[in-house]
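This report refers to the structure that appears directly beneath it.
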Amino acid sequence: MFTVPGTVRTPRLTLLPLEAAHAEEMAEVLDDPALHAFTGGRPLGLDELRSRYERLVAGSPDPGQIWANWVVRLDAADRLTGTVQATVTTHGDGDGRCTAEIAWVVGSGWQRRGIATEAARGLVAALTAAGVERFVAHVHPGHRASAAVAAAVGLAPTGHVQDGEVRWESG
C-alpha cells in the first residue's frame, strides 16, 4: 500500500505537505499571468486558492488515485517559492506497484535558480522510496524550462500529445 511521504528535504529546499493555510503566501507567489502562458487560466485570488487547497488536501474522490501535494520552501530565504504535486495510481494488478503523474510550478520571481529541478528531483526520490515505479509528466512543447526539469528527473518525451501537451515518461 502506497503511503504519501511527509516533509521532503533537499540541499536547499523543504517540500512541505500542502495545507490550506499556505494559500496566503502562495497567492502572492503565483500571482503572475505569465505562469499560465502554457497551461491557460489565470492566477487565483486568495479565497479561490484557499478553496482549491482545501479540495486538494481532502484528497481524490477516486479511490484508485492518491493526491500528493507540497509547497516548496527555499530554506535560505524562508519563503515559499512554488509547488510540486503527484497523482499516484496503482497498476491494478494487486502487487502494489504505482505510477505517479507529477507536476511542478515555481513563481516567476524565483525562476532560473534551479528550484523546480531540485524540487522535482526531491519529489521523485521521495516517491520512489515510497514505492512509485513509473513517472509521467505532461509538458507543453514550447515550454523549454519545464522540458528541462522533466529530463533532469529522468523522463523522456513520447509521441503522445494530450490537450496540447507532450507526455513524458520514465524508462
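The values are calculated or read from the model by the stated rules, or taken from the named source; none is laboratory data. Just so it is clear, the model here is predicted, and its values are computed rather than measured. Cβ: placed from backbone, ideal geometry, glycine included. Neighbour counts: every protein chain shown. Note: accessible area is taken over every heavy atom of the protein model, side chains too, but ligands, DNA and RNA are not part of it. Shrake-Rupley method; radii C 1.70, N 1.55, O 1.52, S 1.80 Å.
Note on residue 102: accessible area approximately 10 square angstrom, rounded to 10, probe 1.4 Å, nucleic acids and ligands left out. Taking the Cα atoms of the chain, the ratio Rg/Rh between the radius of gyration and the Kirkwood radius comes to 0.94.
A Gaussian network model of the chain, with springs between Cα atoms under 10 Å, assigns the largest mean-square fluctuation among 86, 137, 125 to 125. What a 1.4 Å probe finds exposed on the stretch 5-122 is 49% carbon and sulfur by accessible area, rounded to a whole percent. Across the stretch 153-163, coupling constants 3J(HN,Hα) worked out from phi with the 6.51/-1.76/1.60 Karplus curve, θ = phi - 60°, read 9, x, 9, 10, x, 10, x, 7, 10, 10, 6 Hz, and Gly and Pro carry x. A simple spin-label model places pseudo-atoms 7 Å from Cα toward Cβ; at residue 156 and residue 42 they are separated by 4.2 nm. Entry comment: accessible area of the chain is 53 Å² per residue, from protein heavy atoms only and a probe of 1.4 Å.
Taking the helices alone, the chain has a mean residue ellipticity at 222 nm of -8000 deg cm²/dmol, built from -39,500 (n - 2.57) per DSSP H run of at least 4 residues and averaged over all its residues.
Which percent of the accessible heavy-atom area of the stretch 132-171 goes to carbon and sulfur, probe 1.4 angstrom? Don't jump to the answer; show the numbers that get you there.
Values: 1080 of 2130 Å².
Carbon with sulfur: 51 percent of the solvent-accessible area.
Among the trypsin sites (Lys or Arg not before Pro) within the stretch 74-171, those in coil by DSSP and having at most 12 neighbouring Cβ atoms inside 10 Å are 112.
For the chain, the dipole from Cβ point charges (+1 on Lys and Arg, -1 on Asp and Glu) about the Cα centre works out to 480 debye, to the nearest 20.
Summarising the amide proton neighbourhood of residue 82: residues at separation of 5 or more, or on other chains, whose placed amide H is nearer than 5 Å comprise 72, 107.
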